[in-house]
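Participant: Take a look at the following structure, please.
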Amino acid sequence: MGEGKNITARKAAFKVLKTLRDNGFTAFYAGGCVRDMLIGREPKDYDIASDARPDEVERLFRRTVSVGAQFGVVLVMIKEHQIEVAAFRSEWGYTDGRRPDSIIFTDPEEDAKRRDFTINGLFFDPVEEEVFDYVGGREDIEKGIIRTIGNPQERFEEDYLRMLRAVRFSAELGFEIEPQTLKAVSEFSEKISRISSERIAVELEKIFLSPRPAVGIKLLIQTGLSSGILQHNFTEDSRGVCLLKFYARPVSLEMGILMLFMEDWQKAAQFARKLKLSSKSIQLIEWCRDNFYLLDFPDMALHKFRKLIADERFEFLFELKRAFQSFSGDLNDNLKIIKERQDEFEGKEILPAPLINGKDLLDFGLSPGPEVGGILEKVYHAQLDLEVNTRLQALSLAEKLVKS
């Protein structure tokens, strides 16, 4: 297939679909991308459902990845895009509460019935520009309703993560969860503990990144999902929940955790570990915990200030503090002063290279050890505080510290 240098996800998906069609297969866009197109949102990803079997898909395309061939799923690589091509199928038995024990290849109507929610059970033919709706998804999109396909208890028993996905879609789309579906979420909420931390983290991040993260968190509380996910006794009136509602905009997963656990950041770090977040994310949460109250002291020593604003996490911390201040009604000028101090370093080197190093101290007769690091730090702080400005001055101070 000829591939341009710049190709959108939609064009990549259409290339795959057209190739399948040109080779005699039925192929439609499926699932979330169809939902998003009907809502008026640009889909991030395009999935294709087809009557082509995995081996047939792999023969048609040069670059493929078999991610679930036993379930009829193959990724087709078009430039930087990954287009999922899944065979129409029916599924039976979900012993592990996630994956089907067996499948059979079938037709679009039967395939739609195995999906989670009606809004995700639609197919679209981009050639004829026709929507195929076997489950009432189009009407539910028009009404703004999240409803399982068929019996909600059965859908959730197939994959308990679907309960969390219902909450996420409500926060993302502003849709209401249909009463019977919501009731089933509450009934099965304790089963969420069977889902891996990694899968929960993905959905929780999407809730925080949605336009209405507070709506999502409140639904977790109302349904009882919060007990198994957050493992903390939150209520709708908890300060962290109220802060998210007050902030009223998407936040990163790390920011969301810090806001939600605003009354106990030790638990925020523990929760991040429970979710098995990356070490970088955990360190960000811990760094904010350890440095948050520094922003209450805008006249802090210059060396502390320079180290603070030079850290790549500073802007994140600043925004977190600003959110807390606005929420609490604290009208002091601390952040304004800090911003003015920061602006003074515009275009300047915030953390210059140290004027001396460990070898210089060894030349003074100091033995290798912790004392070397301690003296170097003191001299560097003096350099940042503009108390020493030349290498000669730094050496003089170091010599005094060695002798003292």
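Each value in this text was obtained by applying a stated rule to the coordinates, not by laboratory testing. Quick caveat: nothing in here was measured; it's all calculated off a predicted structure. Cβ: placed from backbone, ideal geometry, glycine included. Neighbour counts: every protein chain shown.
Participant: Could you check the simple spin-label distance between residue 371 and residue 67, using points 7 Å along Cα→Cβ, in nm with one decimal?
Facilitator: Going by the 7 Å Cα→Cβ label model, 6.0 nm.
Participant: A follow-up question, please. Run the reach check for residue 113 against lysines, Cα to Cα strictly under 22 Å, same-chain hits fewer than 8 apart removed. What comes back?
Facilitator: Within reach: 143, 183.
Participant: Tell me, what is the percent relative contact order of the range 176-272, built from C-alpha pairs under 8 Å that lie six or more residues apart?
Facilitator: Once divided by the residue count of the range 176-272, the mean separation gives 28 percent.
Participant: Expected output is a single nm value to one decimal: the length gained when fully extending between residue 153 and residue 278, i.e. 0.36 nm times separation in residues minus the C-alpha distance. What is it?
Facilitator: 41.6 nm
Participant: Taking the Cα atoms of the chain, report the difference between the largest and smallest coordinate on each principal axis, in whole Å and largest first.
Facilitator: Computed over the chain, the largest-to-smallest principal extents equal 85, 53, 37 Å.
Participant: Relative contact order for the range 358-403: what is it in percent, counting Cα pairs under 8 Å that are at least 6 residues apart? Mind showing how you got there, number by number?
Facilitator: Details: 24 pairs, mean separation 21.2, N = 46.
In percent, rounded to a whole number, it is 46.
Participant: Show that you can apply the helix-only estimate: for the chain, add -39,500 (n - 2.57) for every DSSP H stretch of four or more residues, divide by all residues, and state [θ] at 222 nm to the nearest 500.
Facilitator: That comes out to -15000 deg cm²/dmol.
Participant: With the contact rule set at Cα under 8 Å and sequence spacing of 6 or more, what percent relative contact order holds for the chain? Walk me through the intermediate numbers first.
Facilitator: Working: 570 pairs, mean separation 32.6, N = 404.
Worked out over the chain, it gives 8 percent.
Participant: Of the DSSP beta bridges with both residues in the chain, give the percent that are antiparallel, rounding to the nearest 5.
Facilitator: 80 percent
Participant: Let me ask something else. Using only the Cα atoms of the range 286-343, build the gyration tensor, take square roots of its eigenvalues as a ≥ b ≥ c, and label the shape rounded, prolate or oblate: rounded if a/c is under 1.5, else prolate if a/b is larger than b/c, else oblate.
Facilitator: oblate
Participant: What is the calculated FRET efficiency for residue 364 to residue 267, with r their C-beta to C-beta distance and R₀ = 60 Å, to the nearest 0.05?
Facilitator: That gives a FRET efficiency of 0.80.
Participant: If you don't mind, another one. Considering the options 329, 179, 169, tell which one lies farthest towards the positive end of the dipole of the chain, charges being +1 on Lys and Arg and -1 on Asp and Glu at the Cβ, about the Cα centre.
Facilitator: Looking along the dipole axis, the top candidate is 329.
Participant: What is the Rg over Rh value, at two decimals, for the range 242-396, using alpha-carbon atoms and the Kirkwood definition of Rh? It would help to have the intermediate numbers written out before the result.
Facilitator: Details: Rg = 19.2 Å, Rh = 18.0 Å.
My calculation of the ratio gives 1.07.
Participant: Related question: If the reach is capped at under 24 angstrom between alpha carbons, list the lysines near residue 403, excluding any in the same chain fewer than eight residues apart.
Facilitator: In chain and number order, the partners are 359, 378.
Participant: Taking the Cα centre of the chain as origin, work out the dipole magnitude from +1 charges on Lys and Arg Cβ and -1 charges on Asp and Glu Cβ, in debye rounded to 20.
Facilitator: For the chain, the charge dipole is close to 620 debye.
Participant: With a ≥ b ≥ c taken as the square roots of the eigenvalues of the C-alpha gyration tensor of the range 1-138, please select rounded if a/c is under 1.5 and otherwise prolate if a/b is larger than b/c or oblate if it is not?
Facilitator: oblate
Participant: Output ³J(HN,Hα) for the range 129-145: one whole-Hz value per residue in order, computed from phi by the Karplus curve 6.51 cos²θ - 1.76 cosθ + 1.60 with θ = phi - 60°, and x for Gly and Pro.
Facilitator: Here the 3J(HN,Hα) series is 6, 10, 9, 10, 10, 9, 10, x, x, 5, 5, 5, 5, 5, 8, x, 10 Hz.
Participant: Highest GNM mean-square fluctuation, the chain, Cα pairs closer than 10 Å: which of 178, 42, 109?
Facilitator: With Cα springs under 10 Å in the chain, the top fluctuation among 178, 42, 109 is at 42.
Participant: If amide H atoms are built 1.01 Å from N in the plane of the peptide, which residues on other chains or at least 5 residues away come under 5 Å of the amide H of residue 251?
Facilitator: 209, 210
Participant: What are the ³J(HN,Hα) couplings of the range 192-209, residue after residue, when phi is run through the Karplus curve with 6.51, -1.76, 1.60 and θ = phi - 60°? Round to Hz, x for glycine and proline.
Facilitator: For the range 192-209, the Karplus curve yields 4, 5, 7, 8, 5, 4, 5, 5, 5, 4, 4, 6, 5, 4, 5, 5, 5, 7 Hz.
Participant: By a straight-distance test (C-alpha under 25 Å), which lysines pair with residue 267 as possible cross-link partners, with residues fewer than eight away in the same chain excluded?
Facilitator: Leaving aside lysines fewer than 8 places away in the same chain, those within reach of residue 267 are 191, 206, 218, 245, 276, 280, 321.
Participant: Given springs between every Cα pair under 10 Å in a Gaussian network model of the chain, which of 170, 227, 278 has the largest fluctuation?
Facilitator: Sorting by GNM fluctuation, first place goes to 278.
Participant: Name the long-range amide H neighbours of residue 177: under 5 Å, sequence gap of 5 or more, or other chain; modelled H, no Pro or chain starts.
Facilitator: Result for residue 177 returns 146.
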